Each structure stands twice: as structure tokens, then as C-alpha cells.
Amino acid sequence: MIDLQSPLKQATQAWRLDLKTQQQALETAFFQHQNTAKLLKQQSLLIDRLLKKIWLQANIHADIALIAVGGYGRNQLFPYSDIDLLILLPDADFSAEVNALQNQKIESLIGLLWDIGLNVGHSVRTLQECIDESVHDVTVQTNLLEARLLCGKTNHFIAFLKAVNQTMDAASFFAAKFKEQDNRHAKFNDTTYNLEPNIKESPGGLRDLHMILWLAVSQNLGKNWADLAKNNIITKAELRQIKRHERNLQNLRIRLHYLAKRREDRLLFDFQNELASEIGCVTTSRKRASEQLMQSYYTSAKFINLINEILLKTFEKIAYKTRPKILPINARFEAHDDLLEIKTANVLQQYPNAILESFLLLQQHPQLTGMSANLIRELQRVKKIVNVDFRQAADNKATFLAILSQSNGVNHSLRRMNRYGILGEYIPVFGKIVGQMQHDLFHVYTVDEHILNVLANLRRYAKPELKHEFPLCTQLFSDFDKPHLLYLAALFHDIAKGRGGDHSTLGTIDAKRFCKLHGLPKEDTSLVAWLVDAHLKMSSTAQKSDLSDPEVIQQFAHFVKTEKRLIALYLLTVADIRGTSPVVWNAWKARLLESLFYATLHLLKNTGFTTEQTIQTRQIEASEKLTRYGLKPESYLALWQNVGKGYFARFESDEIAWQSRLLTPHVFSEKPIVRARLSPNGDGIQVMIYTRNQDDLFARICNFFDRMAYNIVQAKIYTTNHGYALNNFIVLDQSGKSVSYSGLLKFIELELTQKITSAQPLEAPLQGRISRQVKYMSIKPQVEIFSEIQGNFHTLAIIAGDRPGLLAHVANVFLQQNIELHNAKINTLGSRAEDSFLISAKHGKIISESQIQALKQCLVAL
């Protein structure tokens, strides 16, 4: 490789310094004037001038052209974006000597561009190579559409543009770009409402606007938004909206680049707080500044997603140039190529009920794949008709209930209603939570998206082909006589989020009002309102209480009162948890809820079932299981007598049989007995520890599993009448899945035994790295301690951001404050820990008020 000319080499440092100075000046000017279009243009002009100087001094052959492509080609260069270049070679070959010389110059040129601080993406091709590549790669073809000459002969560039245009097949290009967009959206789960969206690539991002302009250019309809308006592809109102929302996303992307000091297009938690502050968002009692920022982003992304859908349908008709196949539907609607279309221009204004009817028709005619671009536009134009009078009209109320009562398409219809802005108009309180983020460390969707996910999960129970996912839910749902009541409960269960106060209570008021307005029978209204008010109760009971305690089941049965309520709440709860995040649901939570459901159902069907009867039943069931292992009652009598009566109220019959079989020879063992097995329910690893009680036992166990990278999800802590700890743990690996491998169970048994018997001082808890979400969207730790009705027990509830070593830290606090642990439920929801502990003072004595205050102070400080 040869060096560029000496003057060029000497100028490198000067160019680098000049580039940095001018980029800093542009940044300063942007924050002073906040003009996004001007910055993007000036960024491009800055690079234009620099490249032209370097190209001139590089002495590249006159028949070789330097062309800007991509975002740089359309004069929209973001601060840290790549600079996409095409170096266009002439089709006529140079001599071998000249060709080698030019290749060396080009290589040196590209190296120099990197040296001065330009992130260059380049390709070197002849015109024929460009054409050949574009035929096989739609990405190359798209880049060529945005070509802009920087250096070289104008006539060569015109010939290049002509050749590119001649190879364009609008229909093929549309099909390829449509597939490309589908694949891109799929990478983001086809939702606009991700917690950390990509401003450029996510559904509703800037790339969806680029897509529209690329298709417009391919069909000779214009190169910019003004051209599309001039050619009547978009209306003047749409032009204003497109520019406003494009400007909003461009502004956020520019600021994000400057904050990150790199090409960063993801709205990561790391930047959301600072970015919110930059644009003037201020945290209020109801909404964080970052949530206001994200709602602004989601509003723009939702509109862009909508206009993208409208214009893609428009361009599809133009690209394929076919006459639509028209079939009648009714007096107001017809089908155009399987898309629902209005028959006359003002039908939605003349017959307002047709607004809701359009969504109902899509359910009743499954051959229809969606709505036409014209119908979607009309819905946008008339949606303000959906006002108080519209909501009071009997035919509209009947139509909405009919949408909920269809056997098919309920989820799709409500999603379309939300997408097109109709649902928020018909249910105004729903409109208030559209695009509202929930920074609670476990919901990963906006409130409206979460609500619709819950409804989608309920609809999955109605599909026989999906019964393998949740057989019990499918069976219960098929027998539920009014599923539309479940859908209403789903719509309203979180509808009061962000208002301040208890969202369950406020949502119950909204649900009652809606049900009464729509003339639902009193019994149905009561059920919907109760479900909204109680929608967190079953999850909380299952994940925070000891389900082996008959008192817990009795209290929950008293709460639900009827089998119908129990079934409805179970179905809603499973759908709700699964709708918060793809990673929150697991086999452990499924088993807890199913256990609570069956135990409560049994009690409701057998009223008067007492704790004594529960204990007796468990002893009988355990004895039957032990008999199958060849154990006679007299062999485990000593164990049962020494564990005490409370043991049989705390452990289920399967656990009693397993522990009795293992411990019968070791009732008075001086060595710890540690045994592990895969849980029979498939929800992790079950570990039993039987040893003489010691103060730091729980802390040592927590430290052990922390260092194994396993999470404790349940801990049953029991002290026998003869002073032994008989503890039972369920553990999962930190991905939340049950993972086992050869030798793991034996490893736990041997290593945990050594940890318990070690004479070494207790190790300090791990100080692992916390997740970015916990770091930047932290929640203030909440600690509640309240007394239980029976005994000397208190319940301690902790809500905090999850992190490695959290439970071990809590165990250390118990040790320091002389707190005795009797039961623990460890519940992790995404990055949020909601843990519950049944505690007392030493030897089962009641905790004093001073101890409670000291304990709270220590835990809040964790």
C-alpha cells in the first residue's frame, strides 16, 4: 500500500481538530435553538465539505465518483451515525497499473477518514455491479434510491440514476420492503410499546417513515412529505402530523446520541431520566419525568405506526395496479380484496353506529383481513363523534357488548379499536392510560398494552388447539357461561393506573359505572366490579402466604365466597401475571396458583372443613404413601411425636411422606441431614435441611444458594418440639427456570452440609451488580410489619428492587436483630422483589415495638 501525498498526510491532524471543533459548535447551536432539521442538514454539509477537500487532495481518478447514500444521502445525518458512501467505478476497466494505483489510493483514503474520526460505511462498485447487487439485495437497492453526488462527473451520476430507475420494479420492491418491515417488527415483538424502544428500528420508529418515502420514490410519487401532499397521497392534516411526530423522534434521537456520545438509538433506562430532564419533564406525585418522556415517545410511535399502515395499503394498490374484487357486506359496507370498505364517503357520519359496527363485521366475516386505508382514515376523521351522546345511545352500547360476546376476534377487534383511537374515545378512562409506561420493575409494557395482553391471554383459553398451554384454564373457561364478563374485568383491572390512590378501588368505580351504563344485570355488574377490586388478591395470597396453612385457605375461601368467583379470579389472575412480562411467569407460580385454586375449591365444596380435619387427612395420606415404601407406622412414630402437631399444619402430605421416609432413622441425629430432589410438581429443586437449631442457619443457607446463583422462592422454616430445625426450600436458577444436571443434587447435599457445620464465621452477603432497570428506575424500599391474628407471629412484607444477595442481607438483619423466622415466600417479579416472612422474637415470643422499629430501619437501609 502507498501513502497518500505528504501534504494530505500532514493535514490529517488539522482535519481531525477542525471536525471536532465544528461538531462541538453544531451541538452547542442545537441545544440553544433546538432545530432538528437544521442540525441534520448542517451535519451533512459539514461532512460534505470535509469529504470534498480530502477527495480533491487524494487525487482520485476523475472517472471515479464519490456518492452519499443512506441517511447521509438524504441529508439527515445524526451526530454519531455512520457515513454511508458509495465509490462508483467506471464500467470500462483501467489498465492494470492504473487500477492498482487507484485501489491503493481508495484504501488509503478510507483509512484516513477513520483516522480523522469519521464512522464510514463504504462500498466500491462499478455501475453494473450496483445494478446486479440491487436486483438481489433490496437493502442495496434502497440505498441507491437516496444517492447524492459529492465528487465526480455529473453526467456519470445522471447515467447512474437513470440505470437505477430503469431497474426498479415497483411491485417487487414493495413486496420485498413489506417483508423486510415484517421481519424488523418481529424482532421487537411487533409492539410499539417496549420499555427500551429503538427510536430508529422499532415499530413506529423513524424507519417506518423512511419506508413510506422509499416506496413513494419507487412509484414516482415524490421524494418528501410535501411531494406526497401535492400528489394527494396524504392530506394536509396528515402532513402536519407526520412532520410533528417525525420531529419529536428526531429530537429524541439527536439528544440520545449526544448523551451517549456514540451511535445509540435505544431509549435505554440509562438515559431516560436525563433525557426527560433535558426536554423539560418534571416528576409529579402521579408520574415520573421518565414516564412522561416515554408517553410522548409512544404517542408519536403510535401515530407513525398508524400512518405507515395506511400508506402501505395505499402503495400496495398502486404497485399492483389491479382492480379490487368487490363483494357486498350490508347497506353500509363492502369488501375490497378482503378488506372492509365503506360504500359511501360520509357513511360513518350519517350512521355513527357504523363506527363500532365496522369492528364487529371483521369478527363476523373471518375472510376479511382488515380495514382499507380509506376506512382507517375515515375512522380518524370521525372519531370525535364518539362522545357522551354516542356512548349513551342504546344501539352503540349493544354493538360494543356484541363485540365482546363474539366467539372469535375479540382480542383483534379491541386491539384495532385501540390502534385506531376508537377504544379510548368510547371508554375515556382507557384513553388516559394509552402509552402510559409503568416503571414498577416488572411490567414491561404500557398500561394499555398490558391490558390488551391480559385479554389476549383470556382469549387463548377459548382455543382448543392451545389447551396444552393451560389445560385447567381451558377447561374452566369452556364451562364459564359469560366470558365477556372476564373481558370487561380485564379491560378495567388496571385502568386507574397513574391517577394516584388505589388503582383497584378507582378501577372498580369505573367498572361499575360502565356496567350500569350498558345495562348489565346486577349480578354480572357485581362480579365484574369484584374482580377488578380483587384482581391482586389471589396472586398475593399464593405468592406471599403459606398455602399449607389451613387458616390461609379458610381466609381466602371466606374472601371469594363462591365457586364462580373463585374460577373467574383464577382465570383473570393467570392471564394477568402472564401479561406483565415474557419472563415473569414460570412453573413455580403456576403451581402456587393451581394449589390455591384446588385447596379453596375443596373447602368451598366441603364447608366446615377444620384445621384438625386437614391435619388428620394429611397424616392418613402420608401414611398410605409410606406404606408403599414398606414403612410401618411404628417406625416413624417417634419422628411424628417429636415434630409436634404444628408440623402437619405446615407441610403437605407429599412433603411429610418424603421427610418421614428420610428422617425416620435420624430423629436424634447429631449431624445435619440435607437431602435434595427435583420437585414432584416440576417447579424447581426441593431441599430439606434437618439439624439442631442454630441462630445463623437461615443466613448460611441463603449465602450458599446465592453463591450457586440459585434463587430461593419458598422457605418453610419449622422448629420441632425437640429443638431441631426442619426446613424445606424450593430453589430455581436465576433465570427463573428449573435447571438440573448430573450431580447437582448430590453437590447441594454435600456442600450445604459443610456450609451448615462450618466453624468459619458467616460470610458477608454477595454484592453483585444490580440490573440497569433497578439502577435507573429504582423504587423506594417498602417495609411493612403487622401482627397476625393467631399466635405471637408478625408478617413482614418487603418490596424492593431485586439484586444479588438481597435475601442473604435480610437473613443477616434477622440474625443481628434476634428475629426468628418461621416461613418465607420469595417472590421475584422481573426486577422487583416482593418477599413475605412470618417472624417472631426468639423462642416464638412476640416482637416488641422497639424491635419492630429497629428492624424496619435496618431493612429500609438495605
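The values are calculated or read from the model by the stated rules, or taken from the named source; none is laboratory data. All values reported here derive from a predicted model rather than from experimental measurement. Cβ: placed from backbone, ideal geometry, glycine included. Neighbour counts: every protein chain shown. Heads up: the accessible areas ignore ligands, DNA and RNA and are worked out on the full protein's heavy atoms, side chains in. Shrake-Rupley method; radii C 1.70, N 1.55, O 1.52, S 1.80 Å.
Table for the structure above
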{"quantity": "Helices (runs of 4 or more DSSP H) wholly inside the range 595-666 that include at least 1 residues being under 27 Å from Cys473 (Cα atoms) and open to solvent by less than 60 Å² (accessible area, probe 1.4 Å)", "calculated": "611-628, 653-663"}
{"quantity": "Number of positions in the range 139-176 that are open to solvent by 30 Å² or more (accessible area, probe 1.4 Å) and either touching a residue at least 60 places away in the same chain (Cβ under 8 Å) or not in a loop (DSSP other than H, G, I, E, B) (or both)", "calculated": "19"}
{"quantity": "His493 being over 21 Å from Leu362 (Cβ atoms) and buried (at least 21 other Cβ atoms within 10 Å of the Cβ)", "calculated": "yes"}
{"quantity": "Candidate set: the range 348-385, residues that are surrounded by fewer than 20 Cβ atoms within 10 Å (Cβ to Cβ) and β-branched (Val, Ile, Thr); chosen: the one nearest to Ser407 (Cα to Cα)", "calculated": "Thr369"}
{"quantity": "Close pairs (6 angstrom Cβ cut-off, 6 or more residues apart or separate chains): on the phi < 0 side of the Ramachandran plot in the range 550-565, part of a helix (DSSP H, G or I) and open to solvent by 20 Å² or more (accessible area, probe 1.4 Å) anywhere", "calculated": "Pro550/Thr611; Pro550/Thr614; Ile553/Ala599; Ile553/Leu603; Ala557/Leu603; Ala557/Leu604; Glu563/Leu604"}
{"quantity": "Subset of the range 269-307 that is polar (S, T, N, Q) and either without any contact (Cβ under 8 Å) to a residue 60 or more places away in the chain or buried (at least 22 other Cβ atoms within 10 Å of the Cβ) (or both) - its residue that is nearest to Gly205 (Cα to Cα)", "calculated": "Ser300"}
{"quantity": "Long-range neighbours under 7 Å by Cβ, at least six apart or interchain, first residue free of Cβ contacts under 8 Å to residues at least 12 places away in the same chain within the range 466-495, second not hydroxyl-bearing (Ser, Thr, Tyr)", "calculated": "Leu466/Arg460; Glu469/Arg460"}
{"quantity": "The range 216-228 residues that are of a type in the set (Val, Ile, Thr), paired with ones that are open to solvent by less than 50 Å² (accessible area, probe 1.4 Å) (beta carbon under 6 Å, 6 or more apart)", "calculated": "Val217/Leu145"}
{"quantity": "Every residue from the range 195-216 that is open to solvent by 10 Å² or more (accessible area, probe 1.4 Å) and touching a Lys or Arg at 6+ places or on another chain (Cβ under 8 Å)", "calculated": "Glu196, Asn198, Lys200, Glu201, Arg207, Leu213, Trp214"}
{"quantity": "Some residue of the range 483-493 being assigned to a loop (DSSP other than H, G, I, E, B), at pLDDT 95 or above and either at negative phi or in contact with a Ser or Thr (Cβ under 8 Å, 6 or more places away or on another chain) (or both)", "calculated": "yes"}
{"quantity": "Tabulated pairs, the range 729-748, first farther than 20 Å from Glu655 by Cα and basic (Lys, Arg), second open to solvent by 20 Å² or more (accessible area, probe 1.4 Å) and modelled with pLDDT under 85, C-beta under 9 angstrom, 6+ apart or interchain", "calculated": "Lys737/Asn586; Lys737/Ala587"}
{"quantity": "From the options Ala833, Ala811, residue that is modelled with pLDDT of 85 or more and buried (at least 21 other Cβ atoms within 10 Å of the Cβ)", "calculated": "Ala811"}
{"quantity": "Output for the range 56-78, where each listed residue is under 41 Å from the mean Cα position of the chain (by Cα) and open to solvent by 20 Å² or more (accessible area, probe 1.4 Å)", "calculated": "Arg74, Asn75, Gln76"}
{"quantity": "Tally, over the range 659-702, of residues that are without any contact (Cβ under 8 Å) to a residue 40 or more places away in the chain, touching an Asp or Glu at 6+ places or on another chain (Cβ under 8 Å) and under 21 Å from Leu732 (Cα atoms)", "calculated": "1"}
{"quantity": "Any hit, the range 331-353, residues being in contact (Cβ under 8 Å) with a residue 60 or more places away in the chain, of a type outside the set (S, T, N, Q) and in contact with a helix residue (DSSP H, G or I) (Cβ under 8 Å, 6 or more places away or on another chain)", "calculated": "no"}
{"quantity": "Lone qualifier among Thr36, Thr28 - being within 18 Å of Leu252 (Cα to Cα) and buried (at least 17 other Cβ atoms within 10 Å of the Cβ)", "calculated": "Thr36"}
{"quantity": "Residue in the range 386-406 that is open to solvent by 50 Å² or more (accessible area, probe 1.4 Å) and modelled with pLDDT under 95 present", "calculated": "no"}
